[in-house]
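The values are calculated or read from the model by the stated rules, or taken from the named source; none is laboratory data. Not measured: the values here are computed from a predicted model. Methodologically, a virtual Cβ is constructed for each residue, glycine included, from the backbone with ideal geometry; neighbour enumeration extends over all protein chains shown. The protein model used for the area step is the full one, side chains on, heavy atoms only, and it has no ligands, DNA or RNA in it. Shrake-Rupley method; radii C 1.70, N 1.55, O 1.52, S 1.80 Å.
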Amino acid sequence: VQLQASGGGSVQAGGSLRLSCAASGRTFSSYAMSWFRQAPGREREFVAGINWRGSSTYYADSVKGRFTISRDNAKNTVYLQMNSVKPEDTAVYYCAGSSAGIVVATISRYNSWGQGTLVTVSS
C-alpha cells in the first residue's frame with residue numbers, strides 16, 4: 001500500500017492535533033498500522049500501533065493516556081489523536097504499515113511508509 005500522512009502543524013502545549021494517514025490499495029485492511037516519530041538529532045521511535053482489525057492498540061509509555069490511534073478500514077485511513085501535547089512531542093510523524101498484520105516497534109518490520117508530517121509544539 002501507499003501511504004499519505006497529513007494533519008501536522010503548530011500547536012501550543014496542552015493543545016490537540018489529529019493526524020491522518022490515507023492508504024491506497026485493496027490490502028490496507030490486512031495491514032497493521034503504526035505511527036513513528038523522529039525529532040531532530042534523534043532516532044525514529046515507535047509512538048502507537050493498531051492491529052489489522054482495530055481490536056488491539058499499543059502505545060509508547062511517553063504518549064500513553066494522551067494519544068489515541070484508530071483506524072477506519074472502510075476509508076482506508078488510520079488516525080492519531082494527540083491530546084495534551086508537550087514540547088517534547090515535536091517531531092516529524094510517520095505512518096507505517098506492516099503486511100504481517102501484527103504491531104511491532106521494530107522499524108524494519110514495516111514495508112510501507114508515508115512521507116511524514118511535521119508537528120511543532122510550542123511552550
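Odds and ends about this structure:
One line per residue, one yes/no per condition, for (1) over 18 Å from residue 7 (Cβ atoms); (2) among the hydroxyl-bearing types (Ser, Thr, Tyr):
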| site | (1), (2) |
| --- | --- |
| 32 | yes, no |
| 35 | no, no |
| 38 | no, no |
| 49 | no, no |
| 64 | yes, no |
| 75 | no, no |
| 83 | no, no |
| 94 | no, yes |
| 99 | yes, yes |
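- In region 14-39, of all residues being farther than 18 Å from residue 107 by Cβ and part of a loop (DSSP other than H, G, I, E, B), the one that is nearest to the chain's Cα centre (by Cα) corresponds to 16.
- Which numbered condition residue 105 fails, given (1) under 26 Å from residue 10 (Cα atoms); (2) in contact with an Asp or Glu (Cβ under 9 Å, 6 or more places away or on another chain): (1)
- So residue 71, is it within 18 Å of residue 111 (Cβ to Cβ) and free of Cβ contacts under 8 Å to residues at least 24 places away in the same chain: no
- Filtered by the rule that a residue be open to solvent by less than 20 Å² (accessible area, probe 1.4 Å) and either assigned to a loop (DSSP other than H, G, I, E, B) or of a type in the set (Val, Ile, Thr) (or both), region 79-116 gives 85, 101, 110, 114, 116.
- Against the list (1) over 15 Å from residue 19 (Cβ atoms); (2) touching a residue at least 12 places away in the same chain (Cβ under 8 Å), the condition residue 66 fails is (1).
- Pairs linking a residue in region 85-105 that is under 19 Å from residue 65 (Cα atoms) to a residue that is surrounded by fewer than 18 Cβ atoms within 10 Å (Cβ to Cβ) and aromatic (Phe, Trp, Tyr), with Cβ atoms under 7 Å and 6 or more positions apart or on different chains, are 103/58.
- You will find that of 100, 32, the residue that is at pLDDT 95 or above and of a type in the set (A, V, I, L, M) is 32 and no other.
- Looking across region 107-123, just one residue is without any contact (Cβ under 8 Å) to a residue 24 or more places away in the chain, polar (S, T, N, Q) and over 16 Å from residue 78 (Cβ atoms), and that is 108.
- Scanning region 4-45 for residues being out of contact with any Gly (no Cβ under 6 Å at 6 or more places or on another chain) and hydrophobic (A, V, I, L, M, F, W, C) gives a total of 9.
- A count restricted to region 49-78 and to residues that are more than 14 Å from residue 31 (Cα to Cα), touching a strand residue (DSSP E or B) at 6+ places or on another chain (Cβ under 6 Å) and either among the aromatic types (Phe, Trp, Tyr) or open to solvent by 60 Å² or more (accessible area, probe 1.4 Å) (or both) stands at 4.
- Taking the criterion of being open to solvent by 50 Å² or more (accessible area, probe 1.4 Å) and under 18 Å from residue 94 (Cβ atoms), the residues of region 1-21 that qualify are 2, 4, 6, 18.
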